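Step one of this worksheet: look at the structure below.
Please treat every number below as a calculation from the coordinates, not as lab data. Since the model is a prediction, treat every value here as computed from it, not as a measurement. Using ideal geometry, Cβ is built from the backbone for each residue, glycine included, and neighbour counts are taken over all protein chains shown.
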Amino acid sequence: MNTLRKFVFVLLLLLSLSPTSAQLADYESAKHDIIVYRDGIVLVVQQFKINQSIAQINVPLLSPSASSTFATDQSKAPMAFDLAGRNITVHTLGATVATVEYQVADITSKEGAVWTLKINLLTKANLTLPEQATITFLNAIPETISLGGGKPVLLLGPGSWEISYTLPVTVQLQPDPQAQPQPAPSPQTGVNLSTLWIPAVGVAAAVGAFLFYRMRRFPQIDTDVKLRPEEEALLNFLAESGKKALESDLRKKFVIPKTSMWRMSKRLERLGYVKINRYGSQNELELLKKP
């Protein structure tokens, strides 16, 4: 009997000293989504299952420049957190689920028409690229590659990833107000084959050139530099209200979702219209030039 008691005591002691069992009891990853937008902004959503007795969890971030960060529990109620470099400490006492959401802009870069995403993952993650993105380079093979709503979705395993892709250029032609409408052909007039041959050759040449350039992966030109109406309205508001305003106030003023506001701010910053200043957990937009 004494021998059995000693065996049970030693077994319990070994289990209590095991570092992995204590770590696994704190929290475990339940979901990891990475969504890339056309302008290079990346939205990261991580969800964790938590031991209710744990007072806080420390979670590594994909980048130390995380912004628009917030954390919620299983009932979508906000939770307090602290940011320190590449880590976030979420105060989770009593919560069973924690969801951390933030945005980063420095894990993507663009050279010509080619975008490149570089990330280091500790757990599996679902990566969603922009709509109609064409993947041109992968440093490793994802577990799965699928298509959802026209967007490539990759299931990535732990490790370092480098993914390059291109986006189609959308050019919207405006009608010429001075152009004269062409009269409709008379139903009694015969078809002139020579008039059909010329545009057919032109279409064939255009398609051939498109396929040739696509196969050669020549860079495309990003022509989307014109301000949108909502961007002009925001810049005019800044010009009339002291050239500075918090993102939260601008969202209320123009009824813009948080993610859309962040993307608009980063685009205006890249175009040189505003400067984004950081004040604690909030962003302030400072007008640099008028539209």
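Between residue 246 and residue 286, the simple spin-label model (points 7 angstrom out along Cα→Cβ) gives 1.8 nm.
Would you mind classifying the stretch 229-287 by shape? Square roots of the alpha carbon gyration tensor eigenvalues, ordered a ≥ b ≥ c; an a/c under 1.5 is rounded, otherwise it is prolate if a/b is larger than b/c and oblate if not. Taking the square roots of the gyration eigenvalues as a ≥ b ≥ c, the stretch 229-287 is rounded. A viscosity of 0.890 mPa s and a temperature of 25 °C, combined with the Kirkwood radius over Cα pairs in Stokes-Einstein, give a translational diffusion coefficient for the stretch 25-170 of 153 µm²/s.
Under the simplified labelling scheme, the residue 147-residue 87 pair shows an inter-label distance of 4.3 nm, with each label point 7 Å from Cα along Cα→Cβ. With contacts taken as Cα pairs under 8 Å and at least 6 residues apart, the stretch 229-287 reaches a relative contact order of 39 percent.
Annotation: the residues 166, 72, sorted from fewest to most other C-beta atoms within 10 Å of their own C-beta, follow the order 72, 166. Would you mind checking 253/275; 110/266; 49/110; 124/275; 76/151 for any pair whose Cα atoms are more than 24 angstrom apart? Pairs exceeding the cut-off: 49/110; 124/275; 76/151.
Among 145, 163, sorting on how many other beta-carbon atoms sit within 10 Å of each Cβ, with the fewest leading, yields 145, 163. For a straight C-alpha distance cut-off of 12 angstrom, the aspartates and glutamates reachable from residue 244 (same-chain residues fewer than eight places away being disregarded) are 284, 286. Note on residue 230 and residue 109: with the Förster distance fixed at 22 Å, the Cβ-Cβ geometry gives a FRET efficiency of about 0.25.
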